[in-house]
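*Asks:* One structure coming up, written as structure tokens, with questions to follow.
Just so it is clear, none of the values below were taken in a lab; they were calculated from the coordinates. Note that this is a predicted model, so its numbers are computed, not measured. In this analysis, Cβ positions are derived from the backbone assuming ideal geometry, glycine residues included, and neighbour counts consider all displayed protein chains.
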Amino acid sequence: MKTKYLILPLCASLMMLSCKQKSEALKQSNYPAPPAAEIIPVVFNESGNKRTDNYYWLKDKNNPKVIEYLNTENAYTDRVMTSARELQEKIFNEIKGRIKEEDVSYPVFMNGYYYYSRTEKDKQYRIYCRKKGSLEAPEEVTFDVNKMAEGKKTMMYEGADISPDNRLAAYIYNETGSFADFILKIRDLTTGTDLSFSTGGVTSVVWANDNKTIFYTVTDETLRPCKVYRFNLGAGKHELIWEEKDPSFNISVAKSKTDDYIMIGSYSTTTSEFSLLKADEPFGKFEVFIPRKQDVEYTVMHHKECFFIRYKDRQNLNGVLFRAPLDTYRDMNTWKVIIPHDPKVRIESLDVHKNFIAAELRKNGLTEIQTISLTDNCVRQLFFPEPVYTVSLAGNPEYDVTTFRYTYTSLNRPYTIYDYDTGKGESVKLKEQEIPSGFNPDDYTVERIWATAEDQTLVPMAIVYKKGLKMSGKNPTLLDGYGSYGSSFEPDFNPSVYSLIDRGFVYAIAQVRGGSEMGEQWYEDGKLKKKINTFTDFIACAEKLISEGYTSPGKLNATGGSAGGLLVGAVANMRPDLFNAIVAEVPFVDLMTTMFDSSLPLTTQEYEEWGNPADQEYYRYMLSYSPYDNVKPQNYPHILATGGINDSQVLFHEPAKWVAKLRANKTDDNILLLYVNMDSGHGGATGRYDSIKEIAFQWAFLLKTLSLDK
């Protein structure tokens, strides 16, 4: 997820107020708070320790008192934000103006058809289409998600796998937003009607080469994908053929680019294993490629003449690319190194074709692309001129080709799709993201600066602001962060933040440890018993922005979602003095309660990320930073916390309990709001316009706390 520079004038009366008077005008006492959440102490005996939770009762969404509490909080939020409704509408229209409402994705050729999607004005969802053989051929609509969403408050279309004869589509969708509720159906694309087949809890699906057999993965009661079923249209029965017993592992099913193999991937956060079945033999037996070994991750890519394996272990954290013979691949002594391990370069992803490999690499926090010819071993590097950018492989679904696609973007450069010709060594621009309301990248300045963490580690930040903005220490600023699961926070184009930037904001992305922006060791240094680095890195970034004159504590704001919500929640306890306001989207703040409940989604799979609190040492460490457990009597910034009633990744009770405890403990008079979407899940509203409304609401909240909402 970005027109001309604009600072909204304050109303005359507010302009005349002193800074102290401005803060008085924003007092929560001006908005009578909702009734305090009832305190019902529950005492837990955990790892030899007692822990009391006064708001544990808020977990049960089947309890009418819980729904009443959430509705009361939502009503209070609506009341507080009433004065900003006009601003919300204005921001909504600004963001919508940066999005081409009627647009068509660039077609992708696959198995004789060109596939693409398009959007229509005033419609919430995409329409998926294809054309046979030529872009001049008649359009076939495969899925109109707008029609699928009719009469429903939520619709998530997760895509389809097309049968080899192009006749049937196995597709997955969701009508609640909960990870538990994904449904698999099969559509006859020649008639546009669905077969009688339907099953739930599905996370991935793939066709065998007989056009009759599908393999799909199903979740258990903790929403862990752990079973593979086979369904044959002729036999009409579901057969369980694979089950992952280890509760720390997930599974997925996919097909090789060569169409020769069905592959089951089993993976935890540190270990993986693949099992293969010939796609021409759907009733055969899956064979393990190489048995799993703790702390060894590998990915298999089939080539007609060999296997390519991306391999990572404790000695090769950034990964190695090997080539293995088809007949002796189980003997690692026969593997040959294609891309050696480099402690400064992480292998992000790979795309294998008949005559070349495309590799996405990460070096010094930035991505780059390298191609390797499989005919003459020639290596080519693609170079990009800007100091901060993101380039990503977009691949090519066909095996025997000479081109692949990639996307290029930066904080002030809209997404652009390119085709790269490996024979000519040339890139051709295919499509650039259009900004209908107008956008000139040269109107903005993009920088990369480095903060110094407590242990003297340099932490990168990507920054964008309106050109000519003076660094006087008075600029409103939004600092964004994530820092978990090794997920890199890329400095890409976000049209929504320009509603802040064009009002004089500095927007900064903190690439803190816990992500993989600086390589795999960056991730290792921000997890388990080093998790505190994620929070202190973010604090160092905030202090850097202040010391360099970008902003000041009264103007600096922070935001983070999901595990990024844990980040800003922890920082709110540790250094509330640094921030004016915090937006925590579906924040993972109730760490201890969640990680002690093995029946919840993700819990057992995340012991390798946070630690198992049943271990006394991990218990104490996790408790030391858990945002909910460390709320205490002190001043806090203005806070907006959001949740989704059907969220299966971060259950709604986490932000609800956090806000309840903050209300009971905070000593300031700053605004504290909870908004729970009562129709959706982890991603919030699913329609594109409804999603924009939620972003506009968050930006209006920030502007309100800065007295810039007039």
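*Asks:* Given a cut-off of 20 Å, name the pairs among 293/531; 100/693; 123/431; 185/693; 123/185 whose C-alpha atoms lie farther apart than that in the structure shown. Don't skip to the end; give the middle numbers.
*Replies:* Values: 293/531 25 Å; 100/693 16 Å; 123/431 22 Å; 185/693 31 Å; 123/185 24 Å.
With Cα atoms farther than 20 Å apart: 293/531; 123/431; 185/693; 123/185.
*Asks:* Run through all the Cα pairs of the chain and give the fraction in each 10 Å bin from 0, expressed as whole percent.
*Replies:* It works out to 3, 13, 23, 28, 21, 10, 2, 0, 0, in whole percents.
*Asks:* Where a Cα-Cα gap under 19 Å defines reach, which lysines qualify for residue 59, not counting those fewer than 8 residues away within the same chain?
*Replies:* Result set, ordered by chain and number: 657, 661.
*Asks:* Where the centroid of each part is defined by its Cα atoms, how far is the range 496-536 from the range 244-304 in Å?
*Replies:* 32
*Asks:* Rounded to two decimals, what is Rg over Rh for the range 152-294 when you use alpha-carbon atoms and the Kirkwood radius?
*Replies:* Here the Rg-to-Rh quotient is 0.96.
*Asks:* Follow-up. If amide hydrogens are placed 1.01 Å from N in the peptide plane, which non-local residues have theirs closer than 5 Å to the one on residue 199?
*Replies:* It is 184, by chain and number.
*Asks:* Something else now. For the range 317-438, give the magnitude of the charge dipole about the Cα centre (Cβ charges: +1 Lys/Arg, -1 Asp/Glu; no others), in debye to the nearest 20. Don't skip to the answer; put the middle values down first.
*Replies:* Details: 14 positive and 16 negative charges, 61 e Å.
Magnitude of the dipole: close to 300 debye.
*Asks:* Where does the chain land at 222 nm, in deg cm²/dmol rounded to the nearest 500, when only DSSP H runs of n ≥ 4 count, each adding -39500 (n - 2.57), divided by all residues? Could you put the intermediate results ahead of the total?
*Replies:* Values: 14 runs with 132 residues, N = 710.
Dividing the helical sum by the residues of the chain leaves -5500 deg cm²/dmol.
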